[in-house]
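The values are calculated or read from the model by the stated rules, or taken from the named source; none is laboratory data. Everything quoted here is computed from the prediction, not taken from an experiment. As a convention, Cβ positions derive from the backbone with ideal geometry for all residues, glycine included, and neighbour counts pool all protein chains shown.
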Amino acid sequence: ASEIRGELGVLKASVNQKESEKNRFQEKLDEVKHPEIELNKKLSSTSSDLGSVRQENETLSESITHDNEEAKKQINIRNSAWEELAEAKANLRSTRIEIEALTQAISSIGQTPADEQAVTSNGSLGFLSDLIEIEAGF
């Protein structure tokens, strides 16, 4: 019986040593796993951030595309307005020239006696008739 008790004591000591080693290995495993868990959390958080940044990037890209299209439309509108302005200025110059010509023709009619005014295309009345339509009989 004492021999069995001795063996039992050795077995208990061996079991206790194995338990102690098991606990020590478990602590080391936990120490190794803890950084892995933290890295996985950071990876998940970073992936989530990346997804939101990609979504924001897509939104900004769409906004930039829309703004570029709007800028092109505004450029076309501006160019059309400049063309209309240039055409209006040309029309204004043409109208001023016609007014000046009419004014000179009317002035020369008033200065020349009626019997000397030529009705031909070289005279004042001829010049006026080239610029405006005069109905027959007037």
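For the residues ALA105, ALA86, ALA81, the requirement of being touching a Phe, Trp or Tyr at 6+ places or on another chain (Cβ under 6 Å), assigned to a helix (DSSP H, G or I) and either surrounded by 10 or more Cβ atoms within 10 Å (Cβ to Cβ) or among the aliphatic types (A, V, I, L, M) (or both) singles out ALA105.
Does the stretch 108-124 hold any residues that are of a type outside the set (Asp, Glu), modelled with pLDDT under 55 and part of a helix (DSSP H, G or I), and which are they? Those that are of a type outside the set (Asp, Glu), modelled with pLDDT under 55 and part of a helix (DSSP H, G or I): ALA114, SER124. Candidates VAL53, VAL32: the one that is aliphatic (A, V, I, L, M), exposed (fewer than 10 other Cβ atoms within 10 Å of the Cβ) and assigned to a helix (DSSP H, G or I) is VAL32.
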